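See structure below.
The values are calculated or read from the model by the stated rules, or taken from the named source; none is laboratory data. Just so we're clear, the structure is a prediction, and the values are computed from it rather than from any experiment. Neighbour counts run over all protein chains shown; Cβ positions are idealised from the backbone, glycine included. Areas reflect the complete protein model, heavy atoms only, side chains present, ligands, DNA and RNA absent. Shrake-Rupley method; radii C 1.70, N 1.55, O 1.52, S 1.80 Å.
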Amino acid sequence: MHFSRLRSLYDGSPQILKNLVLLFPFSLIAGRSYREPLRQRVFFDGATRTEILRWQEEALGKMLSFATDQVPAYRPLRSVVERLSSFEALKAFPLLDKDTVQANPQDYLARDIEKIPHYLTTTGGTTGSQLSIYLDDNSQQLDIGFMHRQWLRVGFKPRHKKATFRGVPFRQLKSGTYWQHNPIYNELQFSPFHMTEDNLGGYVEQLIRYSPSCLHGYPSAIDVLAEYVLR
């Protein structure tokens with residue numbers, strides 16, 4: 001099942017059903033794409049600079065080969081990728097801006113995109129112009145895998161309780177309640193968009209009651225919280 005459908009199914013489930021995910025190991029729920037970055041941890045934590053550069057060059061080479069084979073805008077650079085090392089070939093790729101992609105979206109889509117499980121997302125649109133982006137179905141699992149691999153170095157475990165302050169959808173919030181429980185990540189999500197002087201007392205009370213192991217969120221939102229606590 002595609003990620004967007006799984007996400008919709010989870011988001012639309014009653015809270016009691018969402019809570020059932022806590023009965024299973026997170027790595028099992030997150031899937032193989034999540035586990036792959038964690039499996040690589042042993043290599044990266046012990047690798048030399050030379051070994052890491054070699055790995056980077058190989059991974060970059062695969063990406064550039066895919067781009068010049070599949071993406072119309074980059075096909076003219078195929079001979080460059082075939083002739084040069086991947087680090088050198090990358091220098092020939094032009095910088096890309098949002099206006100260029102929006103003006104010619106088909107030029108930046110892979111030829112076989114319909115064969116690749118994907119879903120549509122957008123940038124925040126803070127400049128007044130959202131950019132549509134297609135992501136592989138496994139992109140979020142990979143992202144979480146890399147993040148957890150980094151956090152493991154400081155003692156984090158996937159089922160640790162988190163308090164988060166990020167831009168996620170908040171549905172059906174009651175007046176005076178600007179947080180919601182997200183069992184799949186064992187986190188209490190706080191809205192970073194309602195952190196007013198009148199509301200922050202409630203945030204702090206709820207945070208103390210929840211007693212998380214760590215905070216995860218926008219530095220600007222956590223700074224607002226910390227400044228309020230200090231006062």
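With both residues required to sit in the chain, DSSP beta bridges show an antiparallel share near 55%.
For the chain, build the charge dipole from Cβ charges (+1 Lys, Arg; -1 Asp, Glu) around the Cα centre, then report which of Gln40, Gln70, Ser132 sits farthest towards its positive end. So the residue we want is Gln40. In a reduced charge model with +1 at each Lys and Arg Cβ and -1 at each Asp and Glu Cβ, the chain shows a dipole moment near 740 debye about its Cα centre. Once the Cα atoms of helix 139-152 and of the chain are each reduced to a long axis, what angle between those two axes, in degrees from 0 to 90 to the nearest 10, is obtained? Long axis of 139-152 versus the principal axis of the chain: about 70 degrees. The structure-derived value of Kirkwood radius over Cα pairs in Å appears in the list (1) 21.0; (2) 20.0; (3) 18.2 under the label (1). Fully extending the segment from Thr196 to Arg209 would add 2.7 nm, taking 0.36 nm per residue of separation and subtracting the current Cα-Cα distance. Here is the P(r) of region 119-231: all C-alpha pair distances, binned every 10 Å from 0, give 12, 38, 35, 15, 0 in whole percents.
Solvent-accessible area per residue in the chain equals 65 Å², computed with a 1.4 angstrom probe and all protein chains kept. Once you divide the Cα radius of gyration of region 18-58 by 2.2 N^0.38 Å, the number left is 1.67.
Spin-label model, Ser129 to Ser65: label points 7 Å out along the Cα-to-beta-carbon direction sit 3.6 nm apart. A full extension of the chain between Val229 and Phe87 corresponds to an added length of 46.4 nm, given 0.36 nm per residue minus the alpha carbon distance. With a Förster radius of 25 Å applied to the beta-carbon distance between Phe170 and Leu22, the computed FRET efficiency rounds to 0.75. Computed from Cα atoms, the angle from the helix 219-230 axis to the main principal axis of the chain rounds to 20 degrees. In the chain, the longest principal axis of the Cα atoms and the axis of helix 49-70 are about 70 degrees apart.
Computed over the chain, the per-residue total of -39500 (n - 2.57) for DSSP H runs of n ≥ 4 gives a 222 nm mean residue ellipticity of -13000 deg cm²/dmol, rounded to 500. The length gained by stretching the chain between Ile184 and Leu95 to full extension, at 0.36 nm per residue less their Cα-Cα distance, is 28.3 nm. 3J(HN,Hα) along region 88-98: 6, 4, 4, 5, 7, 7, x, 5, 10, 10, 4 Hz, from the Karplus curve 6.51 cos²θ - 1.76 cosθ + 1.60 with θ = phi - 60°, whole Hz, x for Gly and Pro.
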